[in-house]
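The values are calculated or read from the model by the stated rules, or taken from the named source; none is laboratory data. Worth saying up front: this structure is predicted, and the values here are computed from it rather than measured. All Cβ positions, even for glycine, are placed from backbone atoms using ideal geometry, and neighbour counts span all protein chains on display. All accessible areas refer to the heavy atoms of the entire protein, side chains included, with ligands and DNA or RNA removed. Shrake-Rupley method; radii C 1.70, N 1.55, O 1.52, S 1.80 Å.
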Amino acid sequence: MSDAAVLEFAGEDGGVHAWIGRGVPGVGEGEKLVIIREGDRIVLAEAMTEGAPLIEVAGAVDDAPLSVGPAKLNLERNGTSETLSGRGALSRPPAADGAGLARSILALGTESASLALRSDRPPGADLGAERTDAWLLDPGAEPLPIGEPLLSTQYDQAGAATRATLELWVGDSDELPLRGAGIRQAGVELDLDGWRFEAAFYRWTIEGAESEGSYMIWRAK
């Protein structure tokens, strides 16, 4: 498993969504990549060494592929400190060593299952060479590995991802997959060290249950 870790927060009212990654592709040692959405706008998107917002997820397990629980986001806005309550997750993004493309998805459920997905693809390789791992996490349960997760992405004319669909074949004996879909709410592109990074927050629906989350894409330069 990669040493990288991502903390994600979705506010109770849906107005603030935060993503903080350390050890992720293109980010230096000691830095945290911070993306924050308010409403339909990205209000912060940069690598930070000091003063980074803090996400605390109750019951998070450091070596688990996905942990979910009640969370708090501590940040400063307009010169004042503020603490927001909501739902949070600790997940593991792609290691991306030697990859030309890496992707990370999180769907943060409340009453329904949460989902984490990560994938990477060698430079110049086609879709068939992509390695994808995913987990479902029902409330109060252990992360459940998905045997065959399938991801399809739609892009706009500018090349930005706007929609995604999921087919999740959990076990070998499944007759039908679990199905999900996501729609982009807000996003931003960043130039990182050796990577072009597309960060987007999504509203996900998995088997009819709605959740907040993200879809992050790293493309090697």
- Query: Going through region 111-120 one residue at a time, which ones are under 21 Å from E210 (Cα atoms), part of a strand (DSSP E or B) and either open to solvent by 30 Å² or more (accessible area, probe 1.4 Å) or touching a Lys or Arg at 6+ places or on another chain (Cβ under 6 Å) (or both)?
  - Reply: R118
- Would you mind finding the one in L75, L90, L106 that is of a type outside the set (F, W, Y) and in contact with a Phe, Trp or Tyr (Cβ under 9 Å, 6 or more places away or on another chain)? L106
- Task: Provide a single number: the residues in region 75-110 that are polar (S, T, N, Q), part of a strand (DSSP E or B) and surrounded by 14 or more Cβ atoms within 10 Å (Cβ to Cβ).
- Result: 2
- Query: Restricting attention to region 31-42, does a residue exist that is surrounded by 13 or more Cβ atoms within 10 Å (Cβ to Cβ), assigned to a strand (DSSP E or B) and more than 16 Å from the chain's Cα centre (by Cα)?
  - Reply: yes
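Rundown of residues vs (1) at pLDDT below 95; (2) over 14 Å from the mean Cα position of the chain (by Cα); (3) among the acidic types (D, E); (4) open to solvent by 30 Å² or more (accessible area, probe 1.4 Å), yes/no style:
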site	(1), (2), (3), (4)
R131	yes, yes, no, yes
Y155	no, yes, no, yes
G159	yes, yes, no, yes
R163	no, yes, no, yes
V170	yes, yes, no, yes
E175	yes, yes, yes, yes
G182	no, no, no, no
D191	no, yes, yes, yes
- Query: Name the residues in region 160-177 that are in contact (Cβ under 8 Å) with a residue 24 or more places away in the chain and either touching a helix residue (DSSP H, G or I) at 6+ places or on another chain (Cβ under 9 Å) or farther than 18 Å from L144 by Cβ (or both), would you?
  - Reply: A160, A161, A164
